[in-house]
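Enquirer: Have a look at this one.
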Amino acid sequence: MPSTRHKITHRQSESELQIQIVELLKTVLKGDVLWTFFPAGEAGGGRGGRVRGARLKRMGLQPGWPDLQFIYKGKYFGMEVKTKAGRLSQSQRRMHSLMEDQGISVAIVRSINDVLERCNEWKLLTRTATVSSSHPSSSDRRGRVGKARRIKTQAGTPKRNRKRVG
């Protein structure tokens, strides 16, 4: 009887993706962007801890807040980190909707490219960032790896192409 081989694939967890995102943010955000990680969900070790969850709730934790939070020039932005297969919980959908009703931008990010695009849109980037085509998070839904993408700064031109003044 022929042996059947099962392809073993490693699915990236939210915490692994978030660590990659945080390492990127340390290098591409403007220096005056305030930001933090909100350690309530899976990435913060929040799964399976009823005692921990009950304690956080008593301490005032409201469910559904985005994983990554940014403040820049008086504006708040939130990013919810999800894997390709990850889904928003009901409390996350509710909170994100309430935040959007208040004029707050909330994004669901599933890759490094998503983060760069959203940070660029929110004008949080300090310089041009390149995503390597070999980066595991830069593939599409079918797992195909794309070419490296260059994200432009808000000024519209890559930093290396700007002329020095003075």
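Enquirer: Using the 10 angstrom Cβ neighbour count as an exposure proxy, how do Val33, Val109, Val81 rank, fewest first?
Expert: The most exposed by this proxy come first: Val33, Val109, Val81.
Enquirer: Where Rh denotes the Kirkwood radius from the mean inverse Cα pair distance, what is Rg over Rh for the range 14-127?
Expert: Rounded to two decimals, Rg/Rh equals 0.96.
Enquirer: Let me ask another. In debye, nearest 20, what is the charge dipole magnitude of the range 14-127 about its Cα centre with +1 on Lys and Arg Cβ and -1 on Asp and Glu Cβ, if you could check?
Expert: 380
Enquirer: I've got another one for you. Compare the Cα positions of Gly60, Thr126, Phe70 along the charge dipole of the range 14-127 (+1 at Cβ of Lys, Arg; -1 at Cβ of Asp, Glu; about the Cα centre) and return the one farthest towards the positive end.
Expert: So the residue furthest toward the plus end is Gly60.
Throughout, read-outs are computed from the coordinates displayed, never taken from laboratory work. Note that the structure is predicted; figures quoted are calculated from it, not measured. Cβ: placed from backbone, ideal geometry, glycine included. Neighbour counts: every protein chain shown.
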